[in-house]
Structure formats: structure tokens, C-alpha cells
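**Student:** Just dropping this structure here.
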Amino acid sequence: MAVCAGIKKIVYADPSVVTAALTAATAKTVIQAAISAGNTVDNVHGETWTLDEAESAPTGYKNQLNGKNYRYDRPTEGDITPSFTIGQYDYALKKAFMGGDVIEGSDSKPVGWSRPDVKETINKALFCLTDDGVWFIFPKCYIDAHEANTDKAVAISVKAYVLQPDVTGVASEYDLDESAVGALTTSGTGTGA
């Protein structure tokens, strides 16, 4: 039984990596590939990680004769929004969440970032592991990120809006135990990565 407290790891990828309904085995493959590609958020500032689902409100229909509800329509689901603030980052991570371009120096090493002229639509698959070992997996999220002042530093504030995936049969959210997924298990040693 999990409490789903805190945050231990955040991994991201292009939504196209989720091509079918996820199982523990396919989640492991996708997460490990994203980690190998360096698609991780290695710093979440302070206590900024949250996962919220807006309350939905069913529509009630009243009996005109007595003024009391006699039926309800199933409510529309509330928006699901994981959010966090990245306190320390490189220019590639800033580009991944805010768009724009990485500026390379004469030695082809990143030396800066430039803001895009127009707002870019950025969608990501997010894989968020809680301290007690539950992966919250969102195969497709619209990313709304901006610079934010946090404790005398400029951070990247990220709010993700969970979307319906483009692939039929893929759910908008999966919750899987790391003990079943094993994405952080080093092959053959049984130790965490």
C-alpha cells in the first residue's frame, strides 16, 4: 500500500514513445530509454512538486414540482496537473520545457539559450516517481513553463496539463509500482540506479 508521498525522480520524453497501453514491462523500457537519453529533471526546488486533480461538479436536475434533485449527469473529469519548479538546470533542459534554442559557442558547447519568437506548443510524456515507489505516468501533457523567481534565483516553473493521448487504448494516466516496473534496477545486480 502506497501513500504516494513526495517526489524522487522526474523523467520526460516525447509523447510518441508511448505506442500502446502501458504495462510494467513497457513502462520500464520507455523510462529507461528516457533516462539513458538524459531526459531527467535533477532538481526540484523546495517543496514545489504537486499533483492536483480539479474537482468535478455533476449537473443536477430538479423536479419542478418540489424543487429537489431527481437525477445527476456524470460530471466531466477535472483537469489533472502535475507541477514543479526546476531550481537548477542546463540550457538543454530549459529548451525541453520552454522551447527556444540552445546557443553553442565556438567549441560547440552550450553557452546560452534564446527565447522563441512565438510561443511553442510543447507536449511531453511525464514519468514521476514518488518517494515511496509509485510511478505516476502521463503519456501526453501540454507543458506550460516560464521563468520564476524562487529564493533569489531564476527557476523554471512547470505546470503540465494532462491530455488524452493520440494512440487509441492509451490511458491519460497510469500509476505503477516501481517494484513491478523496475526502471531503476540495474540489470543483474538488483541494486537501484
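**Student:** Helix 24-36: angle to the longest alpha-carbon principal axis of the chain, degrees 0 to 90, nearest 10?
**Tutor:** Roughly 40 degrees between the two axes.
**Student:** Something else: If each of Glu53 and Ala5 carries a label point 7 Å out from its Cα toward its Cβ, how far apart are those two points in nm?
**Tutor:** The two pseudo-label positions are separated by 2.1 nm.
**Student:** So, one more: Enumerate the amide H contacts of Lys9 below 5 Å, restricted to partners 5 or more residues apart or on another chain; note that Pro and chain-start residues carry no placed amide H.
**Tutor:** Long-range HN contacts for Lys9: Leu129.
**Student:** Just to check I understand the Karplus step: with θ = phi - 60° and J = 6.51 cos²θ - 1.76 cosθ + 1.60, what whole-Hz values come out for the range 86-93, glycine and proline as x?
**Tutor:** Karplus-based 3J(HN,Hα) across the range 86-93 equals 8, x, 9, 7, 9, 5, 5, 5 Hz.
**Student:** Largest first and in whole Å, what are the equivalent-ellipsoid semi-axes of the range 79-161 based on the Cα gyration tensor, each being the root of 5 times an eigenvalue? Intermediate results must be reported in sequence, preceding the final value.
**Tutor:** Working: eigenvalues 122, 45, 37 Å².
Working through the eigenvalues yields semi-axes of 25, 15, 14 Å.
**Student:** Still on this structure, please answer the following. So, for the chain, what is the accessible surface per residue at a probe of 1.4 Å, expressed in square angstrom?
**Tutor:** Result: 59 Å² per residue.
**Student:** Across bins of 5 angstrom width beginning at 0, how are the C-alpha pair distances of the range 41-193 distributed, in whole percent?
**Tutor:** Bins of 5 Å from zero give 2, 8, 12, 14, 15, 14, 11, 8, 5, 4, 3, 2, 1, 1, 0, 0 percent of pairs.
**Student:** Further question on the same structure: Say each of Glu77 and Asp166 gets a label point 7 Å from the Cα, pointing the same way as Cα to Cβ; how far apart are those two points in nm?
**Tutor:** Output for this residue pair reads 1.9 nm.
**Student:** Another question, then. For the chain, with all protein chains present and a 1.4 Å probe, just round the carbon and sulfur fraction of the accessible area to a whole percent.
**Tutor:** Within the chain, the accessible surface is 48 percent carbon and sulfur.
**Student:** Per-residue counts of other Cβ atoms within 10 Å, averaged by peptide: what ranking do you get for 35-44, 58-67, 119-128, 73-82, highest first?
**Tutor:** Details: 35-44: 15.9, 58-67: 9.3, 119-128: 18.5, 73-82: 13.0.
Listed from highest to lowest mean packing, they are 119-128, 35-44, 73-82, 58-67.
**Student:** I've got another one for you. What list of ³J(HN,Hα) values in whole Hz, one per residue of the range 50-61 in order, does the Karplus curve 6.51 cos²θ - 1.76 cosθ + 1.60 (θ = phi - 60°) give from phi, with Gly and Pro shown as x?
**Tutor:** Running phi through 6.51 cos²θ - 1.76 cosθ + 1.60 with θ = phi - 60° gives 9, 9, 10, 10, 4, 5, 9, 10, x, 8, x, 10 Hz.
**Student:** Roughly speaking, what is the stretch gain from Asp101 to Lys68, that is 0.36 nm per residue apart minus the C-alpha to C-alpha distance, in nm to one decimal?
**Tutor:** Going from the current span to full extension adds 6.0 nm.
**Student:** Check which residues have an amide H placed less than 5 Å from Ile122's amide H, if you skip close sequence neighbours.
**Tutor:** Ile143
The values are calculated or read from the model by the stated rules, or taken from the named source; none is laboratory data. Note that the structure is predicted; figures quoted are calculated from it, not measured. As a convention, Cβ positions derive from the backbone with ideal geometry for all residues, glycine included, and neighbour counts pool all protein chains shown. For the accessible areas, the whole protein counts, side chains as well, though only heavy atoms, and no ligand, DNA or RNA atoms are used. Shrake-Rupley method; radii C 1.70, N 1.55, O 1.52, S 1.80 Å.
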